[in-house]
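Structure first, commentary second.
The values are calculated or read from the model by the stated rules, or taken from the named source; none is laboratory data. Model, not experiment: these values are computed from the prediction. Cβ sites come from the backbone with ideal geometry, for glycine too, and all protein chains shown count toward neighbours. Please note that ligands, DNA and RNA were not included when accessible areas were found on the heavy atoms of the full protein model with its side chains. Shrake-Rupley method; radii C 1.70, N 1.55, O 1.52, S 1.80 Å.
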Amino acid sequence: MMQCFHFMVEPAKTLTTKIKESHKRGKKEKKEPLDEDQLLVVELARDLSRVCQSSAILEHIWKQDDSWPSSLCRTFVLQWASMLESKVISFCVKKRPMQTDGWPEMDEVKQPKLIDEQNLIKAKTVIHNWIKDLRAQPEQSVWPGEPVVKALEDLQSAWRWGRMPNLLPAMELVMWTLIVQRPDKDTIPQQWLMWKQRTQKIGATSYIPLPVWEWISDAAVDVTLNLDTANPDLFISGDEKRMRCGFERKDIPNYHQRFDGWWCAAGVEGFTSGRHYWEVEVGERDWRLGVAKESALRKGFKSLNTDTGYLTLRLERGTELKALTVPFTSLPPDLIPRKVGIHLDFDCGQLSFYDVDKKGHIYTYNERFTEKLYPLFGTVEIVKDLVIKSPTAKTQCLCPAPCLWGLL
């Protein structure tokens, strides 16, 4: 009887045991000596955890359970040395538009030879000097605030379960906390995310900690499709939250705001201030999401990109994900989502796209917004609906989709 019971409970233990063994094995198999760049990151992680309370997560870095490649360490050192030298952190763009032509740091990570050695030497000196300052501070002398602690706990859980490749976000969040030292610690995780999205537009964080994700979701708005803007080829559901392409073009008034080329529709409400968040279930073939400026041209087949008043992501042929900048910015295939979260922070000039299922960042436009912005939706699917979801809504009616459909 006991043997039978043991057989039944063993599978329940297997997953947790394997995870623990994997981390232990990874640590034991780490036999190669660390190079100078890796050692600097390890040294910094140790001193950060000594000074900052509740940052034990960094122990995984300085004990080498989580080891970063040299290229990542170099990029990290260069970026944070620049931060420490300037100590000027701007959360909102007020004076000039930001560039939207991609993320140059991506090439530096993939091609570390492009990093100037002289700049790297200077950056290491800056980091070493800051480490000396850290060592002059009393042990466990900085309380990061409850929101940061919760974010670190969630990041540690995500790393342990393999939802993020390394603990870089945790390291940066602790450093951000110590550099900023703002009285209002409740907003530090959100400010950290906004900074990450400004400096690294593509995939800034592979996993967004739960407290930050909840902050994003708190800006949820009810978005519906504007029938007077929808391309005549589109079918719109009765609740004005679903759309797909039909087989015949409908004979309806061609209002000035209606798309008559691309298969798109805009949201009813435009935004001129504040934060707004909505989610969209997308197809696997071809879709377009983002915002359209009030002045953007909607007629014909002119490219819907940043030059024509659109800030969007587009999936083409099911495999090519692009940010429609000028020229367009290709995004890695592993960022292709099934459900997209869109967060507009009008006042701080950010439009960000997220993978809702993975809680990961895809891409961010940074720009000074000066006119009304309308949510934009596009699809060429004829079977699967593009569906606008309310992040806080309960499960909708499960009756077949055709019962919702109505002609424009």
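Quick notes
- Residue that is most open to solvent (accessible area, probe 1.4 Å) [pool: residues in segment 313-342 that are β-branched (Val, Ile, Thr) and out of contact with any helix residue (DSSP H, G or I) (no Cβ under 7 Å at 6 or more places or on another chain)]: Ile336
- Residue that is under 22 Å from Lys339 (Cβ atoms) and either assigned to a loop (DSSP other than H, G, I, E, B) or open to solvent by 20 Å² or more (accessible area, probe 1.4 Å) (or both), where the choices are Asp260, Asp307, Asp239: Asp239
- Conditions (1) open to solvent by 20 Å² or more (accessible area, probe 1.4 Å); (2) farther than 24 Å from Arg182 by Cα; (3) free of Cβ contacts under 8 Å to residues at least 24 places away in the same chain; (4) not basic (Lys, Arg); number of the one not met by Ser86: (2)
- In segment 209-236, the residues that are open to solvent by 60 Å² or more (accessible area, probe 1.4 Å) and assigned to a loop (DSSP other than H, G, I, E, B): Asp218, Asp222
- Between Phe353, Phe377, Phe301, Phe369, the distinction of being in a loop (DSSP other than H, G, I, E, B), within 24 Å of Asn226 (Cα to Cα) and open to solvent by less than 30 Å² (accessible area, probe 1.4 Å) belongs to Phe369 only.
- Meets criteria (modelled with pLDDT under 55, closer than 27 Å to Asp133 by Cβ and of a type in the set (D, E, K, R)) for Glu36: no
- Check on Phe271, of a type in the set (Phe, Trp, Tyr) and more than 20 Å from Cys348 (Cα to Cα): no
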